[in-house]
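What follows is a single structure, written as structure tokens, with notes after it.
No value in this document is a laboratory result; all are computed from the given coordinates. Here the structure is a predicted model, which is why all the values come from computation and not from measurement. Here the Cβ positions follow ideal geometry from the backbone for every residue, glycine too, while neighbour counts run over all protein chains shown.
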Amino acid sequence: MKKKVLITGGSSGFGALMVKSLINDGHTVTASMRGVNGKNQASAAKMTALGAHVVEIDVTSDDSVNTGVADAINKMGGLDVVVNNAGIGVLGIQEQFDSEEMKKLFDVNVFGVQRVNKAALPHLRGQESGLLIQISSLLGRVNLPFYGPYNASKWAVEALAEGYRLELSNFGVDSVIVEPGGFPTNFFGNLMFPKDKSNDAEYGPMAEAPKQMFDSFEGALAQNPEQKPQMVADAVLNLVNTPAGERPARTVVDKMGMGDHIDPYNRQLDQIHEGILGAFGMGDMLELNVAEKA
């Protein structure tokens, strides 16, 4: 059964690939982005040419999200899947990020997810079916230096997604997580850096470590041509096409070695989660209520 899908951050990168892949598979797709008539006008035209609907959504604005989600539902005549893909990254020594920079990051990566889900869920719960796909990261499972605030935001997204998985299962609404590794997309060209470097001297040689790590990672990407962004779009397409009640809670997408360590970690956490919820008599909350598999 083909689905009606809303994708945030649909102007480029993973989002644009998801839009194309889902449309090519016969799904109805709305790509959301900021600046539909401004900076992303060309991207909006490209998505429209592919056959997608396009709506304006700034995930940092309640009004923009509420209006945009309603517009997407109207354009598609319904909604089955929400893909929370919009996000920004950081690079730098964690101490150097001030509170305003942290707020900006969390406003997109965490509060933006909550805004979009909150706007979409009355519709999904009302029809007693639906799917939330949260695009997290392997850095939502393990902490690497110099990405600290980003790590924290994705750990928060993981917790939100797990909470939704439990609280929405009785309504037939599923919540799953996609955990990509690092990929060669424009994500790395839009990183946020701390403005306050006044304590660089106190950190000594480590002050240069963030850039060195970034350069090293770019080199590693160049040595791993199989690490293609399309893998993430394919993972999302697979989740959309997987019957309700059969989707994994987490999907790791990586061919650079990190994912090999995260997969067993995720499986162990699943067992821990099952044991703890079972001990509290809430194990049934891990089972999606599926009236009719779709």
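Below is a table of values for the structure above.
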| read-out | value |
| --- | --- |
| In degrees, nearest ten, helix 99-109 long axis to first principal axis of the chain (Cα) | 30 degrees |
| Segment 130-191 and segment 1-78: distance between their alpha carbon centers, rounded to Å | 20 Å |
| Sequence of Thr60, Thr8 once ranked by neighbouring C-beta atoms within 10 Å, starting from the fewest | Thr60, Thr8 |
| P(r) weight above 24 Å for segment 54-186, C-alpha pairs, percent | 32 percent |
| GNM top mover of Gln271, Gln127, Gln41 - the chain, alpha-carbon springs below 10 Å | Gln271 |
| On Cα atoms only, tilt of 62-76 relative to the major axis of the chain in degrees | 50 degrees |
| Highest-fluctuation residue, Gly89, Gly257, Gly26 considered, GNM on the chain with Cα pairs under 10 Å | Gly257 |
| Dimensionless Rg/Rh of segment 143-274 - Kirkwood Rh, Rg from C-alpha atoms | 1.03 |
| Isotropically averaged projected area of segment 135-195, using the convex hull of Cα atoms (one quarter of hull area), nm² | 5.0 nm² |
| Segment 208-294 - convex hull of alpha carbons, volume per residue in Å³ | 123 Å³ |
| Within a Gaussian network of the chain (alpha carbon springs, distance under 10 Å), most fluctuating of Ala120, Ala152, Ala220 | Ala220 |
| Acute angle (nearest 10 degrees) that the helix 41-50 long axis makes with the longest principal axis of the chain, alpha-carbon atoms | 40 degrees |
| Where labels lie 7 Å past Cα in the beta-carbon direction, separation of Gln230 and Asp215 in nm | 3.2 nm |
| Charge dipole magnitude, Cβ of K and R +1, D and E -1 - segment 4-286, Cα centre, debye nearest 20 | 700 debye |
| Proxy reagent accessibility, fewest Cβ within 10 Å first, across Ser137, Ser198 | Ser198, Ser137 |
| For segment 246-294, projected area of the alpha-carbon convex hull averaged over all directions, nm² | 4.4 nm² |
| Packing-based exposure ordering (other Cβ within 10 Å, fewest first) of Met213, Met1 | Met1, Met213 |
| Approximate spin-label separation Ala291-Gln114, in nm, with each point projected 7 Å along Cα-to-Cβ | 3.0 nm |
| Normalised alpha carbon radius of gyration of segment 4-286 [divisor 2.2 N^0.38 Å] | 1.01 |
